[in-house]
Amino acid sequence: MAEGAALRAVRGCLAAFPREARELGWMECVPYLDRPPSPLEFYREWVSPNKPCIIRNAIGHWPALRKWTLEYLREVMGHKVVSVAVTPNGYADAVFHDRFVMPEERQMPFMDFLDIVEKKVTSPNVFYVQKQCSNLTEEFPELMCDVQPDIPWMSEALGKKPDAVNFWLGESTAVTSLHKDHYENLYCVISGEKQFLLHPPSDRPFIPYELYQAATYKVSEDGSFEIVDEKTADKVPWIPLDPLNPNLERYPEYAQAKPLQCTVKAGEMLYLPSLWFHHVQQSHGCIAVNYWYDMEYDLKYSYYQLLDGLTKAVTVL
């Protein structure tokens with residue numbers, strides 16, 4: 001009986017915590033800044049309290065905003081072979097049935113990828129340049145002169161340079177499933193727009209995780225996709241829920257979550273704080289660059305780990 005009462009008390013605390021956190025610092029929408037902040041202002045107002053914002057007039061001086069048309073990219077990068085994620089449904093690194101499935105990573109001339117984006121070539125599959133690990137500096141160094149190697153006021157605020165600078169370009173059917181990162185993320189949209197659905201870390205008790213067999217999409221000889229298990233890989237903890245169409249019968253706790261939604265347009269920059277859950281959609285042919293700064297593994301991280309661990313424990317019991 002005592003153990004049952006203790007477990008009910010823990011469940012009650014976990015259910016109350018997100019609501020109390022919202023009362024202390026909840027925002028009804030993602031705020032806009034009309035200019036880049038000073039390093040001190042940015043750290044004090046946004047990084048330290050772990051709050052997102054959209055920053056205007058931060059990348060207006062980048063040549064990329066004027067130059068990065070598909071024609072320009074074809075001229076500069078057309079013959080270069082790059083990594084492209086290919087899936088049958090637009091969901092890379094996502095749960096499909098009872099597997100966590102990663103995309104087929106296809107090496108192809110960039111011009112062939114652009115033919116698909118521009119509908120010069122039709123394909124039943126979905127193609128997305130989304131390889132991370134600093135693919136802009138590693139695979140697209142020819143484009144680096146059109147952007148910045150880092151964001152100076154962010155680098156000064158955090159006292160470090162970015163771990164990675166990534167280049168994103170794809171079809172509107174390419175969707176990023178709900179997940180979180182251990183990065184302070186600056187997401188800069190060059191053309192088109194990105195739609196973000198966001199949850200603060202405090203919503204963790206409402207967000208389900210399950211363990212899945214890791215697998216990868218592979219193209220078979222007839223052109224169809226098959227799912228091949230990564231048999232030596234550990235099981236992957238991932239969020240099975242689609243926040244755009246949540247299955248509340250299976251995951252009723254999610255009904256208590258209150259996501260923020262925002263659209264980041266060309267020339268704008270989203271600051272996405274570490275540990276925030278995010279789901280991303282995009283307009284067709286949207287081009288973006290993002291900077292990943294490693295988070296500080298401080299008391300904030302320790303508190304989140306405690307929240308995560310308690311949520312997992314009461315889910316199992």
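Just so you know, all these numbers are worked out from the coordinates, no wet-lab data involved. What you see is a predicted model; the values in this text were computed from it and never measured. Glycine also receives a Cβ, built like all others from the backbone with ideal geometry; neighbour counts cover every protein chain displayed.
The table that follows gives values for the structure above.
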{"read-out": "Candidate lysines for bridging to LYS194, where Cα separation is under 22 Å - those fewer than 8 sequence places away on the same chain excluded", "value": "LYS51, LYS67, LYS119, LYS131, LYS180, LYS258, LYS265"}
{"read-out": "For GLY90, residues with placed amide H under 5 Å, excluding near neighbours", "value": "VAL126"}
{"read-out": "Sequence-distant residues sharing a close amide H with PHE277 (under 5 Å, placed H)", "value": "HIS199"}
{"read-out": "Cα shape, the chain, gyration tensor, a/c 1.5 rule", "value": "oblate"}
{"read-out": "In sequence order, calculated HN-Hα J values of the stretch 236-253 (Karplus, 6.51, -1.76, 1.60; Hz; x Gly/Pro)", "value": "9, x, 8, 8, x, 8, 8, x, 7, 8, x, 8, 6, 5, 7, 10, x, 4"}
{"read-out": "Karplus-derived 3J(HN,Hα), 6.51/-1.76/1.60, for each residue of the stretch 254-259, Hz, glycine and proline x", "value": "5, 4, 7, 6, 10, x"}
{"read-out": "Per-residue HN-Hα couplings for the stretch 58-70 [Karplus 6.51, -1.76, 1.60; θ = phi - 60°; Hz; x = Gly/Pro]", "value": "9, 10, x, 8, 5, x, 4, 4, 9, 9, 7, 8, 5"}
{"read-out": "Sequence of CYS262, CYS133 once ranked by neighbouring C-beta atoms within 10 Å, starting from the fewest", "value": "CYS133, CYS262"}
{"read-out": "Packing-based order for 6-18, 101-113, 276-288, using average beta carbon neighbours within 10 Å, highest first", "value": "276-288, 101-113, 6-18"}
